[in-house]
Structures are given as C-alpha cells and as structure tokens.
1. Does any residue of the range B:62-85 turn out to be under 24 Å from A:Gly105 (Cα atoms) and hydroxyl-bearing (Ser, Thr, Tyr)?
2. Identify, from the list A:Lys56, A:Lys69, the residue that is in contact with a strand residue (DSSP E or B) (Cβ under 9 Å, 6 or more places away or on another chain), basic (Lys, Arg) and assigned to a strand (DSSP E or B).
3. Please go through the range B:1-43 and give me each residue that is among the small types (Gly, Ala, Ser), part of a strand (DSSP E or B) and over 12 Å from B:Gln110 (Cα atoms), ordered by number.
4. Kindly check whether there is at least one residue in the range B:79-95 that is among the basic types (Lys, Arg), surrounded by fewer than 14 Cβ atoms within 10 Å (Cβ to Cβ) and away from every other protein chain (no Cβ under 14 Å).
5. Does the range B:34-78 hold any residues that are at positive phi and within 11 Å of chain A (Cβ to nearest Cβ), and which are they?
6. Considering only strands (runs of 3 or more DSSP E) fully contained in the range B:44-117, which possess at least 2 residues that are farther than 17 Å from B:Ser5 by Cα?
7. In the range A:30-44, how many residues are part of a loop (DSSP other than H, G, I, E, B), within 11 Å of chain B (Cβ to nearest Cβ) and open to solvent by 20 Å² or more (accessible area, probe 1.4 Å)?
8. What number of residues within the range B:68-91 satisfy the criterion of being under 24 Å from B:Val30 (Cβ atoms) and of a type in the set (Ser, Thr, Tyr)?
Amino acid sequence: SQQGEEDPQALSIQEGENATMNCSYKTSINNLQWYRQNSGRGLVHLILIRSNEREKHSGRLRVTLDTSKKSSSLLITASRAADTASYFCATDRGYGNNRLAFGKGNQVVVIP
Amino acid sequence: GAGVSQSPRYKVAKRGQDVALRCDPISGHVSLFWYQQALGQGPEFLTYFQNEAQLDKSGLPSDRFFAERPEGSVSTLKIQRTQQEDSAVYLCASSPGAPARRNTEAFFGQGTRLTVV
C-alpha cells in the first residue's frame, strides 16, 4: 500500500505565482522527501526533511513538516514554466533500507 | 556514468514473453532499488539490494518477477510470462549509503516503459 498521499491536485498557475501542494502520511517516518518528475524523465530529488525538522528551504522551495498531523507541504515560489511537472512526496518509514513509499503525485502546470 | 542508466528505454512485449530490464547504478553506490510506476500513479517499491545481497523483495507482485545484482553493481529485473497488468514504467534507483546511513536521497534512472500487448 502507498503511504504518502498528496491531496489530489492538478494545479494550474501563472508564471511568477506561488504553488503549494500537500502530503499526508500514516505512520512514523525517518524523513520525508519531495521529488519532481517531468514528462519523459525520471524522478529528480528536490529536498529531504528529517523527522526532527519543521521547515527547510532550498532555493525557491520551502518544505514544512508537521509530525503531529503527519503532513507536509511543498511551496514553490516565483514559479517558472520549467517547474511544470508532477511532484511526489515520499516517506522513509524506517524499514532500515531507505526504501520509499510514494504518494500519487500532484500535477503542476505553469503557464508562461 | 554520471547518473543511473536504464535500458532499454522502451520495451513492447507480447503477452507471455519474458523480458529483462537492466539498471546501471551510479558507480560505488551500495544500495539499489527497483520501483514500478503505473500510469498516473506514484512509484511502488519492488525490491532492494545492498551490494549483491537482495535484502528485501517484499514488493515483487508475483513469482514471475525476479531481480538480481550478482556483482553488486549492475542489476537486472526479469519478468517471466508477461501479462498486460505488468505494463508500467520500471524505475531503478541507487543511493550511496548502506541501510545504517539514513536520510540519504535516492538517484533515479529515467526508467523503462514496458508495454505488454
């Protein structure tokens, strides 16, 4: 079964706007990661937040983690057309091998 | 190579045919994973290797699926007697650490798109 379930979103925004997507999970985790997948390309790692962290920034990305609510959000600021992609959250549930449980993904379209 | 390489990129198989999908991980990466991604879904874990040892195969959907990594580098995912429900993108990922090194990202290949007709 999949853990890490994004709010089912197909987000369409104008270039320059911010995009926010959410993810929830069910069990305890070591970390939560966000990945991007462009059409025809593999998954690209964006950012990792550990279970003892609450917020993390990387360039135009901001990730929050609320372990009490078992949820995370990814904010992309000042979006660009190149940000058009599917975004997946994935949790490491501590199996001891770093295997990831992915959500269903959010489709984001940035209109130039 | 600089990244994880998978071949072939596309494979069309007739139902009942056997297929073999190859993954070349990043050199020196200890951990290797296979995931299956159905259309419109997120990837689902299939199996995990630490060097040549297959330590977790709990995600393999049936005994028609078999994976190996005999020398601890290149891995092959084999699917016997393919069925239409096997149609998906098969992703390989590697990471540098052994299981004790948590909080490490995985590096994914571009995947092999398998279509069973």
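The values are calculated or read from the model by the stated rules, or taken from the named source; none is laboratory data. Predicted model, so just to flag it, every value in this text is computed and none were measured. Positions of Cβ are generated from backbone atoms using ideal geometry, with glycine treated the same way; all protein chains shown enter the neighbour counts. The area values use the complete protein model at the heavy-atom level, side chains included, leaving out ligands, DNA and RNA. Shrake-Rupley method; radii C 1.70, N 1.55, O 1.52, S 1.80 Å.
1. So the first thing to find is which residues in the range B:62-85 are under 24 Å from A:Gly105 (Cα atoms), and the list is B:84-85.
Still in the running and hydroxyl-bearing (Ser, Thr, Tyr): none.
There is no residue in the range B:62-85 that is under 24 Å from A:Gly105 (Cα atoms) and hydroxyl-bearing (Ser, Thr, Tyr).
2. Working: A:Lys69 fails: assigned to a strand (DSSP E or B).
From the options A:Lys56, A:Lys69, the qualifying one is A:Lys56.
3. The initial filter retains those residues of the range B:1-43 that are among the small types (Gly, Ala, Ser), namely B:1-3, B:5, B:7, B:13, B:16, B:20, B:27-28, B:31, B:38, B:40, B:42.
Next, only the ones that are part of a strand (DSSP E or B) stay: B:5, B:7, B:13, B:20, B:31.
Residues satisfying the conditions are B:Ala13, B:Ala20, B:Ser31.
4. Taking the range B:79-95 and keeping what is among the basic types (Lys, Arg), we get B:81.
Checking the rest, the ones that are also surrounded by fewer than 14 Cβ atoms within 10 Å (Cβ to Cβ) come to B:81.
Those still in the list that are away from every other protein chain (no Cβ under 14 Å) too: B:81.
There is at least one residue in the range B:79-95 that is among the basic types (Lys, Arg), surrounded by fewer than 14 Cβ atoms within 10 Å (Cβ to Cβ) and away from every other protein chain (no Cβ under 14 Å).
5. The initial filter retains those residues of the range B:34-78 that are at positive phi, namely B:40, B:51, B:72.
B:Gly40 - this is the single residue of the range B:34-78 that is at positive phi and within 11 Å of chain A (Cβ to nearest Cβ).
6. Qualifying strands (runs of 3 or more DSSP E): B:44-50, B:53-56, B:65-68, B:112-116.
7. Residues of the range A:30-44 part of a loop (DSSP other than H, G, I, E, B): A:30, A:38-42.
Pick out the ones that are also within 11 Å of chain B (Cβ to nearest Cβ) and you get A:30, A:38, A:40-42.
Next cut, open to solvent by 20 Å² or more (accessible area, probe 1.4 Å) only: A:30, A:38, A:40-41.
So the answer is 4.
8. Filtering the range B:68-91 down to residues under 24 Å from B:Val30 (Cβ atoms) leaves B:68-78, B:90-91.
Still in the running and of a type in the set (Ser, Thr, Tyr): B:73, B:75-76, B:90.
Summing the residues that are under 24 Å from B:Val30 (Cβ atoms) and of a type in the set (Ser, Thr, Tyr) in the range B:68-91 gives 4.
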